[in-house]
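What follows is a set of notes on a single structure, which appears directly below.
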Amino acid sequence: MGYPSFIARRLAQSRSHNRFVSFITLFAVIGLAIGTAALLITVSILNGFQQQISENVSNFTANIEIRGFEDVSLPDYQAAMSKILSQKNVRSVSPFVAHEAMIRVHRSHAVDAPSTDGLLLKGLMQKYDNSSIRREIVSGKYDLSNQGSMSPLLIGAKLARKLQVSVGDTVFIFGVEGIPSPLNPPRVLSFVITGIYETGMSEYDDIYGYTNLTSAAYLFNIPPGSVTGFDVMVDDLGTVSTTAHDLELKLGYPYYPRTMYQMYRNLFAWIELQKKPIPIVIALIIIVAAFNVVGTLLMIVIEKMNAVGILKTLGATRGAITRIFLLQGAFIGAAGTLIGSGLAYTMLELQKRYSLIHIPGSVYFMNTIPVSMRAADFFLIGGIAFVLSLLASYLPARTASGFDPLESVRYF
């Protein structure tokens with residue numbers, strides 16, 4: 001260990017500092033810690049939003065949705081499924097029949113709740129279903145088989161609360177196609193609610209209903225053996241766009257594949273928009289904190305002017321004096337970075353484990369603030385904070401090394 005390191009360590013451990021200088025040093029460390037923690041928390045929450053929304057959208061809908069061009073029905077779904085499954089990167093495929101409908105609840109007495117609402121009814125084949133609905137059931141069970149003479153229905157928790165219905169209740173669904181009239185009467189089927197799901201994305205819990213493929217096909221007058229689309233799940237989301245393009249070429253007209261990033265472009269664009277400016281704004285906190293290091297070290301330099309003079313009288317070079325005060329700045333930077341990183345990790349871990357902060361699901365598509373901590377973010381942001389502190393230390397260090405030793409020891 002060289003003598004600059006030894007002297008810097010002794011200065012850091014010294015209890016003879018002026019109290020005001022000690023307070024400024026502590027203030028610089030705390031400022032850098034708060035700036036580091038704020039940036040780490042912000043980036044981790046934004047990463048959590050992106051990851052959670054991507055997972056919710058992927059699980060709830062599909063990585064790739066294939067529909068007919070201009071929503072025409074697609075015949076011979078078995079042959080189409082074979083072609084889709086033969087495509088590289090495709091993990092599973094689920095045929096479906098989906099269309100807008102009206103759901104109506106028959107009430108024997110007046111209640112303070114609407115009896116009619118809109119619904120996007122989706123008919124699935126239970127053995128092929130690759131969505132996460134079966135894992136999101138909060139009441140009843142996942143069962144798409146007919147219940148006697150009635151068809152099954154799974155609805156979202158938000159819609160169930162709005163209509164004031166529960167598992168076992170009977171509802172009627174009207175297949176809406178065009179403008180209803182005596183010449184175009186809507187088809188009607190009675191359904192029994194077999195399960196209620198809740199994804200945490202309340203916008204979807206209010207819209208989607210699920211039944212079996214046969215009931216939906218009858219309700220929307222879809223020919224036997226035909227479907228309105230396919231939900232495709234892939235092995236690697238990173239190549240989902242390429243897979244969709246290859247499927248479009250393989251299947252041809254009228255098949256029209258779209259990725260989840262295309263279907264929910266506005267949602268993912270919103271996330272990217274949030275990620276761009278916020279880290280830049282928050283990073284200014286670290287820059288301001290780094291400049292606090294300049295003021296702190298200048299105060300230390302002024303207080304230790306006589307010590308600098310003695311060292312130079314004893315033969316210390318300008319480079320050695322510079323290294324002593326650079327090490328002082330490195331100590332402040334390291335302490336602030338480590339404390340800030342530890343504070344950020346503790347707060348994020350508490351939120352991750354106990355969901356302390358809740359947000360409105362109708363706005364953010366989830367009920368609690370999501371967190372995704374990445375080691376790379378901690379190393380990158382911590383490294384930037386430390387380097388900025390070190391750079392901010394250079395000016396005071398060079399100032400100290402330029403003192404005239406005779407002038408420095410005059411006040412000893």
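The values are calculated or read from the model by the stated rules, or taken from the named source; none is laboratory data. In this text the structure is predicted, and so the values were computed from the model without any measurement. Cβ placement follows ideal geometry from the backbone for every residue including glycine, while neighbour counts extend to all protein chains displayed.
Applying the condition of being over 19 Å from Asp143 (Cβ atoms) and among the polar types (S, T, N, Q) to region 187-236 and asking which residue is modelled with the lowest pLDDT yields Ser202. For region 362-406, the candidate set comprises residues that are farther than 23 Å from Leu348 by Cβ and in a loop (DSSP other than H, G, I, E, B); within that set, the residue that is modelled with the highest pLDDT is Gly402. Here the condition is being touching a Phe, Trp or Tyr at 6+ places or on another chain (Cβ under 7 Å) and either buried (at least 17 other Cβ atoms within 10 Å of the Cβ) or at negative phi (or both); of Leu356, Leu297, Leu343, it holds for Leu297 alone.
Yes or no, residue by residue, for (1) in a helix (DSSP H, G or I); (2) surrounded by 15 or more Cβ atoms within 10 Å (Cβ to Cβ):
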residue	(1), (2)
Ile222	no, yes
Val240	yes, yes
Tyr253	no, no
Tyr256	no, yes
Asn266	yes, no
Glu272	yes, no
Ala283	yes, yes
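The set of residues in region 286-316 being within 16 Å of Ala397 (Cβ to Cβ), of a type in the set (Val, Ile, Thr) and touching a residue at least 60 places away in the same chain (Cβ under 8 Å) consists of Val293, Val294, Thr296, Ile300, Val301, Val308.
With the structure loaded, tell me whether Ala344 is within 30 Å of Arg398 (Cα to Cα) and either assigned by TED's automatic domain parsing to the domain that holds Arg398 or small (Gly, Ala, Ser) (or both) or whether it fails that test. Against the criterion (within 30 Å of Arg398 (Cα to Cα) and either assigned by TED's automatic domain parsing to the domain that holds Arg398 or small (Gly, Ala, Ser) (or both)), Ala344 does not qualify.
No other residue among Asn47, Asn59 is surrounded by fewer than 20 Cβ atoms within 10 Å (Cβ to Cβ), modelled with pLDDT of 85 or more and among the polar types (S, T, N, Q) apart from Asn47.
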